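See structure below.
Each reported figure results from applying straightforward, stated rules to the coordinates on display, with no laboratory input. If you're wondering where the values come from, they're calculated on a predicted model, not measured in any experiment. Neighbour counts are summed over all protein chains in view; Cβ atoms, including those assigned to glycine, are modelled from backbone coordinates with ideal geometry.
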Amino acid sequence: MSVKEYTGKILGELINNLNYVNDEQLGQLADVILSANHIFTAGAGRSGVAMKAFTNRLMHLGLSVSSVGEISNPHTQKGDLLILGSGSGETESLVAMAKRAKKNNVKIALITMDEKSSIAGLAEAVVVLPGVSPKLKNKSMEITSVQPMGSAFEQISFLVYDGIILELMDRMNETSDTMFCRHADLE
């Protein structure tokens, strides 16, 4: 199979996987984002890369947001939100972070493949996205993929994050033009 054919197969998988995405869960995530005083985001590996892109767009919307681990992170406060992207919902560093957030009265939102994971049990909002991973303990969907490991989850996460941004743009009366004034200009 050629690269183009593999890419077509990947796109077909993602279109099929979108059928498993719950719009009500996504609306709940948008609600907790808009009600947060400050938003902290985190993820590990490729899920973390997708989360950093989401963080960037949340900042472009004018929301108070930071990526956990950056030196400029503020101290958490009651009314803040921690959004975690974790396919398994069991990544040790993210489980520890969620427990700490809960102890500090920070709300937790999780984007995951496993609605029964440790982090999901701590979260106020859980968005379950389809995917395949050898780390997944509780399969709630019968998804297969030609792709290795968690690629399908990471890709649908990235796309869904952009969909959430479009929903938030509608709710906040933002446009690409109004957001552009918050785009980096020292690069």
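Here are the numbers for the structure shown:
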quantity	calculated
For the stretch 1-46, the fraction of alpha-carbon pairs in successive 10 Å shells from zero, as %	20, 25, 34, 17, 4
GluC sites (Glu not before Pro) within the stretch 48-123: DSSP coil, no more than 14 neighbouring Cβ in 10 Å	Glu70
Theoretical ellipticity at 222 nm over the chain - DSSP helices of four or more residues, -39500 (n - 2.57) apiece, nearest 500	-14500 deg cm²/dmol
Point-charge dipole on Cβ atoms (K/R +1, D/E -1) for the stretch 15-94, about Cα centre, debye to 20	240
Mean Cβ neighbour count within 10 Å, used as a protection proxy, ranking 39-46, 105-112 highest first	105-112, 39-46
Positive-end residue, the chain charge dipole about Cα centroid, Cβ charges, pick of Ile165, Leu34, Leu82	Leu82
Highest-MSF residue in the chain out of Thr144, Thr91, Thr55 [GNM, Cα springs under 10 Å]	Thr144
Net +/- balance of residues flanking Arg182 in space, Cβ distance below 13 Å, scoring K and R +1, D and E -1	-2
Equivalent ellipsoid dimensions for the stretch 3-180 as semi-axes, Å, which come from the Cα gyration tensor, largest first	25, 20, 14
Radius ratio Rg over Rh of the stretch 1-89, counting only Cα atoms, Kirkwood formula for Rh	1.07
